[in-house]
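Throughout, read-outs are computed from the coordinates displayed, never taken from laboratory work. Remember, predicted model here, so these are calculated numbers, not experimental data. No Cβ is skipped: glycine too gets one built from the backbone with ideal geometry, and neighbour counts run over all protein chains shown.
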Amino acid sequence: MSHHIVDFRNVFFRYPDSTEALRDVSFRITHGEAVGIIGGNGAGKSTLLLHLNGHLLPTSGIVTIGDLHLTGKTRQEIRKKVGIVFQNPDDQLFMPTVYDDVAFGPRNLGMEEEDVRQRVHDALNLVNSFALRDKPPHHLSCGQKSAVAIATVMAMEPDILAMDEPAANLDPKSRRLLINLLTTFSHSRIIASHDLDLILDVCSRCIVIREGTVAADGPAREILSDRKLLEENNLELPLSLQRY
């Protein structure tokens, strides 16, 4: 299933102000993998995620999604394969109602309205938010907005799901629902988060980003049990692994 593959080869990215955010980043994610991206603030995690569907294009190096190299010409096609949930849900919610926000993507694909309705129904139920369908997004709590933002992506039925701090605004019940959702999603998942317990629950593999480079890449439990490695990257052991 090559369309589920994510491949970074010697990727560099420099912002217009000359800040070098990614430096020679290489890794490959195959079908069905759940990969956590961790690192301290400013390490380059969000920049990396924004390369997955062409919000950013590499300064040099190659990003391949499925069988497509990421370029200005291919990013629209790649965006059909990769769904990204941004850290701030307000970046994704802009329509008059929750229903319209979740329907926006499927409608843009030219789907029949009956099929759009089913996509919205399924996506909102997936995040336990169907009751919010007629509400204006700006009237929602932070946690509700986060759940709806996830639904807007799931309605597109992406091959690859990428999330930036998905649990940041969620209450414990909503966080557990998110974990259950992520463990049942059968395609590739890439999750950038400081919530290392969530990474431990959901991901089998972990990539540590430090100053725009890959500092470590390996089994999640092995990396998340390495106190020295985590402390070197301004992180702490997951709560579930701490011994008092």
* Would you mind getting me the FRET efficiency between Ser186 and Asp122? Use the beta-carbon distance for r and R0 = 22 Å, nearest 0.05. => 0.90
* To do: Quick one: grab the alpha carbon gyration tensor of region 75-137, order the square roots of its eigenvalues as a ≥ b ≥ c, and give me rounded if a/c is under 1.5, else prolate or oblate depending on whether a/b is larger than b/c.
  => oblate
* Where does each of 179-191, 15-27, 97-109 land if you order them by average Cβ count within 10 Å, highest first? -> 97-109, 179-191, 15-27
* Asked: Farthest toward the dipole's positive end in the chain, which of Pro158, Ile223, Ile65, given Cβ charges of +1 (Lys, Arg) and -1 (Asp, Glu) about the Cα centre?
  -> Ile223
* Asked: Can you give the helix-only mean residue ellipticity at 222 nm for the chain, where every DSSP H stretch with n ≥ 4 adds -39500 (n - 2.57) and the sum goes over all residues, rounded to the nearest 500 deg cm²/dmol?
  -> -9000 deg cm²/dmol
* Asked: Between Glu113 and Arg28, what length in nm is gained on full extension when 0.36 nm per residue of separation is reduced by their alpha carbon distance?
  -> 26.9 nm
* **Loop-located GluC sites (Glu not before Pro) in region 69-140, at most 11 other Cβ atoms within 10 Å (DSSP)** => Glu112
* Asked: Spin-label point model (7 Å from Cα, Cβ direction): what's the Ser60 to Ser240 distance in nm?
  -> 4.2 nm
* Most fluctuating residue given options Ala123, Ala34, Ala216, as computed from a GNM of the chain linking Cα atoms under 10 Å -> Ala216
* By the gyration tensor of its Cα atoms, with a ≥ b ≥ c the square roots of the eigenvalues, what is the shape of region 86-244: rounded for a/c under 1.5, prolate for a/b over b/c, or oblate? -> prolate
* To do: Would you look at the GNM of the chain, springs on alpha carbons closer than 10 Å, and say which of His194, His121, His139 moves the most?
  => His139
* If you take the square roots of the eigenvalues of the alpha-carbon gyration tensor of region 10-147 and sort them as a ≥ b ≥ c, do you get rounded (a/c under 1.5), prolate (a/b over b/c) or oblate? -> prolate
* Past 28 Å, Cα to Cα, is the threshold; run Lys45/Lys228; Lys45/Lys80; Lys80/Lys145; Lys45/Lys135 against it and keep the listed order. => Lys45/Lys135
